[in-house]
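Undergrad: Pasting a structure here, questions to come.
The values are calculated or read from the model by the stated rules, or taken from the named source; none is laboratory data. All of these numbers come straight from a predicted model, not from anything done at the bench. All Cβ positions, glycine included, derive from the backbone under ideal geometry; neighbour counts span all protein chains shown.
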Amino acid sequence: MKEIRLHGRGGLGCVKAAEVLVYAAVKEGKYGNSIPFFGFERQGAPVTAFLKISEEPIRAKNRVYNPDIVVVLDPTIMNAVNVFEGMREGGLLVLNTKQSKDDFRVPSKVKTLALVDATAISLELLGKPITNTVMLGAFCKASGIVGLDYVAEKVAELWGEKNVEALKRGYEAVEIYSFE
């Protein structure tokens, strides 16, 4: 089972992104569940979504305390929240940033770093800094847990074809680095 934690801010689509990933996993014949966590329910407030994807049924319906993967939809959240808390050894960090890998010091438990400037892509394609679909594309490529097809199907249903384009751009633009 893969445990995943998404960090974002209200209005960026963090909770919906987790739901889309669970939808895609189930369509692929896997099991999945997602659980949102809200602080203040307002735009811009920190939001966390937890999800689990497995080849076997998932019995526990709790938050993710020790994620294999952390996805950060808004890099400023890293100033307010310890996104690495509880992360397992060998973890994957998928980060929205315009910075390069040399600008980051990540804990040694992060073995794979995936970077994409989701904000720039979403502003270009959607005219708004709503990064969830771009980050979904980056997640798909970096993790390999779910394919792009069912994610694109649900993205089209929820948000339309421009967001499918944003999804594909995130998939193409993500840069993936491995650390030993």
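Undergrad: What number goes with the only condition from (1) in a helix (DSSP H, G or I); (2) at positive phi; (3) not hydroxyl-bearing (Ser, Thr, Tyr) that residue 78 does not pass?
TA: (2)
Undergrad: Checking residue 118 against (1) among the hydrophobic types (A, V, I, L, M, F, W, C); (2) crowded, with 20+ Cβ neighbours inside 10 Å; (3) without any contact (Cβ under 8 Å) to a residue 24 or more places away in the chain, only one condition comes out false. Which one?
TA: Unmet condition: (3).
Undergrad: Anything in the stretch 97-106 that is surrounded by 14 or more Cβ atoms within 10 Å (Cβ to Cβ) and assigned to a loop (DSSP other than H, G, I, E, B)? List them, or say none. Before you say what the answer is, go through the steps one by one.
TA: Our first condition is that a residue be surrounded by 14 or more Cβ atoms within 10 Å (Cβ to Cβ); within the stretch 97-106, this holds for 97, 101, 104, 106.
Within the stretch 97-106, 97, 104, 106 meet the criteria.
Undergrad: In addition: Under 7 Å between Cβ atoms, at least 6 apart or on separate chains: pull out the pairs that start in the stretch 136-152 with a residue that is touching a residue at least 24 places away in the same chain (Cβ under 8 Å) and end on any residue that is assigned to a loop (DSSP other than H, G, I, E, B) and not acidic (Asp, Glu).
TA: What qualifies is 138/174; 140/146; 140/147; 141/174; 142/174.
Undergrad: Still on this structure, I have one more. Select, from 127, 90, the only residue that is exposed (fewer than 15 other Cβ atoms within 10 Å of the Cβ), within 13 Å of residue 166 (Cα to Cα) and more than 15 Å from the chain's Cα centre (by Cα).
TA: The match here is 127.
Undergrad: Separate question: Do we find that residue 88 is over 17 Å from residue 9 (Cβ atoms), assigned to a loop (DSSP other than H, G, I, E, B), among the basic types (Lys, Arg) and at pLDDT below 95 in this structure?
TA: no
Undergrad: Turning to a different aspect of this structure: Got at least one residue in the stretch 44-62 being surrounded by 21 or more Cβ atoms within 10 Å (Cβ to Cβ), in contact with a Lys or Arg (Cβ under 8 Å, 6 or more places away or on another chain), among the hydroxyl-bearing types (Ser, Thr, Tyr) and closer than 25 Å to residue 164 by Cβ?
TA: Looking for residues that are surrounded by 21 or more Cβ atoms within 10 Å (Cβ to Cβ), in contact with a Lys or Arg (Cβ under 8 Å, 6 or more places away or on another chain), among the hydroxyl-bearing types (Ser, Thr, Tyr) and closer than 25 Å to residue 164 by Cβ, one finds none in the stretch 44-62, hence no.
Undergrad: Could you list, in sequence order, all residues of the stretch 107-130 that are touching a strand residue (DSSP E or B) at 6+ places or on another chain (Cβ under 9 Å), closer than 25 Å to residue 10 by Cα and part of a loop (DSSP other than H, G, I, E, B)?
TA: If the condition is that a residue be touching a strand residue (DSSP E or B) at 6+ places or on another chain (Cβ under 9 Å), closer than 25 Å to residue 10 by Cα and part of a loop (DSSP other than H, G, I, E, B), then 117 is the only one that fits.
Undergrad: Another question, if that's okay. Quick check on this structure: which one of 94, 22, 71, 47 is in contact with a Gly (Cβ under 7 Å, 6 or more places away or on another chain), aliphatic (A, V, I, L, M), at pLDDT 95 or above and outside any loop (DSSP other than H, G, I, E, B)?
TA: Sole residue among the options that is in contact with a Gly (Cβ under 7 Å, 6 or more places away or on another chain), aliphatic (A, V, I, L, M), at pLDDT 95 or above and outside any loop (DSSP other than H, G, I, E, B): 22.
Undergrad: With 101, 111 as the choices, which residue is closer than 22 Å to residue 171 by Cα, among the charged types (D, E, K, R) and modelled with pLDDT under 95?
TA: After ruling out the rest, the residue left standing is 101.
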